[in-house]
Amino acid sequence: MREAKVADETTPMFGEAIKYDPEFAGPLKNRSCTDIICLLLFLAFLVGWGVVTGFAVYGGDPERLLYPTDSEGRVCGRGEFVNKTYLLFFDLTRCASPKVIATGCPTPQVCVSKCPSENWFYTGGETEADRTKLICRDNVNPMDTSKNVKDLVINGHCAFYYVESRSFGRRCIPRDITSNVGTIIDALEATYSSSSTSPVYRLEILKKMVDAMNYVIRFARLQKVAEGVFQDVQRGWWVLLVGFGVAMVISFLWILLLRFISAFMIWFSIVAFLLLSGFGAYYTLNKYLTLRGTSNATFSDMSEMEQEFSLEFSRYAELETTWLVLFIITLVILVVCLFVLIFLRKRIAIAVALIGQASKAVGSIMSTLFFPLVPYILQLIFLVLFCGVAVLLASAGKANYRIMCKSEAGCDCPAYKENDTCSMETFDAALCPNASCQFFDYVEDPKVPWFHAYNLFALFWSMFFVSAFGEMVLAGAFASWYWVFDKSKVPTFALSMSLGRTLRYHTGTLAFGSLIIAIVRMIRVILEYIDHKVKQKTDSKIIRALLCCCRCCLWCLEKFLKFINRNAYVYCAIYGKNFCVSAKNAFSLIMRNIVRVVVLDKVTDFLLFIGKMVVVGGIGVASFFIFSGEVPGVGPHLPEMNYYLTPVIIITIGTFFIASAFFDVYAMAVDTLFLCFLEDCERNDGSAEKPYFMSKDLMHILNKKNKDVDKED
């Protein structure tokens, strides 16, 4: 047959074929430790990560990221301000400056128990009613009649106006800008004797208010979204657990069915994937046409203020542009997959049969289905550690105080200059009545950026190390299944034996291979950072194009190295050689049989990927319809959410990782069996002296057979 001829093609230029060894019978038991230096380096690096963690724990304060800080550097909602969780700006018009995004407003800010629910401005009165309306600094008593109200507001001890506000990122922001302009102007005139009430002056104040709200909102936006998502997770944690449980059950049943009806499940995956893509294209097109007929709103039509206030994820679901983009994406996926399946239709049958053999290997060693939980938990631990250290490092630093002038004209005194560093203990307001010492920002230790980089690289190395560990253990187990004539006599503890060999001899090899991938990934992150900075400082298309080419090349390099590493781990699991030797031998074996790799192995990976996407897509679509309220009768039983897409996104992402854990077992089984098959074809020729180790079904698929040797399937 044509497929059989194609499968027999080899490329001899990459070394000689493996010689027959009558004593070879699967993974070698007599082996020694490999790449010990890399193991010691990895252990030393973990110790360094512990040092960084200790520094983060000692100097970090995560509550600084969750709660705002007043002018004296005290965190609202904590300690003495446990009941004052909101931040009020004395004069929001002073916030109309880009620097507030990073440093805050140059106006006094105090912690309050609630945002103002009414409009008030100072009119020059000194009555007790005026004093009861004042909002002042924590150490100022507005009812103290020894100080008049005007002095309190002019010296910045109390706010000279405030308007009805709402909480935005725990910061009090005016509800209605236009109606409050008159209040602010009146307060400015009463306090600073300003007499300009012309329309131009009113427009200037309005513009300042809009700009100030823009900058403050941008400062608080990320925090607001994070708080909303965090609240959703708190309220609906049991829903997320149910979703993850359903994903795990469906993934396990899918893999279990592959064991018994592999051909049906693969073809069902293909059909289901096409149907899901088609339904997605239809649904998104229908939503686009519906919104197009009822609303002309697009994201580009939204004003900047509307975009800043639009924190609801669901807001984007109301834009026709969103659904048009989703329609194009789903349509492209559908068309590409159709063409791929059409051109590969003749090879799908062979790939399905190869998956069937992997199913038998998995069925013989059922513990391999549950083993992915081990690396999954380890990776989760490393991820939690990374996030914790990153948050602690981000909140590490000492409060920095600067001189703030009470008017835009400047401080007007020689003793202090605006933005000079000051101390709350030594600052003397009598030397400069027009200046104040206020909290500016948190000054981080110069070592913190390097610690962030160390923490990120530690995440990459540890995650890739755990992934490599799982691959090598599974490879050793499946190789034990392949290299026996009677497949029913596979070693009882094949997985445990492979686990023991990996931990005892080859953790250094895992550290070596994962280090290479981690370095490439870190370089990719650095290039992404450079590209982000270049976008902000220049519009040069040449520089952007060069950076894009570099990023693309590094992405390809990382994929290639992962492919090399994966096969090197298989070879190391069988022969116990170090990383370099295993990578060289595995690569040479693959290149001598490159046509077989393309025809069988990669097609099989594609089919398994489709199966995984069916599980992920099915659960993602189901969760979308459930949480968006389109499934009647379910809504009343679900917790109230700030963003209904929060559980949808979390469940879909979690399902992807859960499904990957199960499907990766099959992918590793296919890759291991395929590499063993290539070596089997080079070692043996099917004669009585050198029989094939492959099963009868696999020999039948590839048009091979053993002469005078009856093998059990």
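Computed with a 1.4 Å probe over protein heavy atoms only, the accessible area of His700 comes to about 150 Å².
Each residue of the stretch 361-375 was assigned a 3J(HN,Hα) from its phi angle through the Karplus curve 6.51 cos²θ - 1.76 cosθ + 1.60 (θ = phi - 60°); the sequence is 5, 5, x, 6, 10, 5, 5, 5, 5, 9, 4, x, 4, 5, x Hz, with glycine and proline shown as x. Using the Cβ-Cβ distance between Phe609 and Ala688 with R0 set to 45 Å, the FRET efficiency from 1/(1 + (r/R0)^6) comes to roughly 0.65.
Counting only heavy atoms of the protein chains and using a 1.4 Å probe, Asp420 has close to 70 Å² of accessible surface. Each residue of the stretch 148-156 is assigned a 3J(HN,Hα), and the resulting list reads 7, 5, 4, 5, 5, 7, 5, 7, x Hz, derived from the Karplus form 6.51 cos²θ - 1.76 cosθ + 1.60 (θ = phi - 60°), x at Gly and Pro. Overall, the anisotropy analysis places the stretch 431-523 in the prolate class: the square-rooted eigenvalues a ≥ b ≥ c of its C-alpha gyration tensor yield a/c not less than 1.5, with a/b exceeding b/c. Our coupling estimate for the stretch 470-485, obtained by passing each phi through the Karplus curve with A = 6.51, B = -1.76, C = 1.60 and θ = phi - 60°, is x, 5, 5, 5, 5, 4, x, 5, 6, 5, 5, 5, 5, 8, 9, 5 Hz, Gly and Pro reported as x. With R₀ set to 35 Å, the beta-carbon distance separating Tyr575 from Leu253 gives a calculated FRET efficiency near 0.45.
Ranking of Val340, Val597, Val332 by solvent-accessible surface, largest first: Val332, Val340, Val597 (1.4 Å probe, protein heavy atoms only, all chains present).
Loop-located trypsin sites (Lys or Arg not before Pro) across the stretch 612-701 with a Cβ neighbour count of 11 or fewer within 10 Å are lacking, with loop assigned by DSSP. Checked against a 30 Å cut-off, the cross-linked pairs Lys562/Lys690; Lys562/Lys696; Lys287/Lys537; Lys114/Lys537; Lys577/Lys690 give Cα-Cα distances beyond that limit for Lys562/Lys690; Lys562/Lys696; Lys287/Lys537; Lys114/Lys537.
For Asn706, nonlocal amide neighbours, meaning residues 5 or more places apart or on other chains whose placed amide H falls under 5 Å from its own, do not occur.
Met248 exposes around 80 Å² of accessible area when a 1.4 Å probe is run over every protein chain in place. For Asn593, the residues whose amide H sits under 5 Å from its own are Thr11, ignoring neighbours fewer than 5 places away on the same chain, with H placed 1.01 Å from N. In plain terms, the chain from Val525 to Ile377 could stretch by 50.8 nm, reckoned as 0.36 nm per residue minus the Cα-Cα distance. Count Lys and Arg as plus one, Asp and Glu as minus one, and take only other residues whose Cβ is under 14 Å from that of Val534; the net charge is then +3. Cross-link pairs exceeding 20 Å in C-alpha to C-alpha distance, out of Lys584/Lys612; Lys84/Lys398; Lys559/Lys584, comprise Lys584/Lys612; Lys84/Lys398. In terms of accessible area, using a 1.4 Å probe and ignoring ligands and nucleic acids, Arg74, Arg596, Arg137 rank largest first as Arg74, Arg137, Arg596. In this structure the amide hydrogen of Tyr644, modeled in the peptide plane, comes within under 5 Å of the amide hydrogens of Ser314, none closer than 5 places in sequence on its chain.
Against the criterion of solvent-accessible heavy-atom surface with a 1.4 angstrom probe, Trp254, Trp450, Trp238, Trp461 sort, most first, into Trp450, Trp238, Trp254, Trp461.
The values are calculated or read from the model by the stated rules, or taken from the named source; none is laboratory data. What you see is a predicted model, and the numbers here were worked out from it, not measured in a lab. Here the Cβ is made from the backbone with ideal geometry for all residues, glycine too, and neighbour counts use every protein chain on show. Accessible surface is based on the protein model in full, side chains and every heavy atom, while ligands, DNA and RNA are left aside. Shrake-Rupley method; radii C 1.70, N 1.55, O 1.52, S 1.80 Å.
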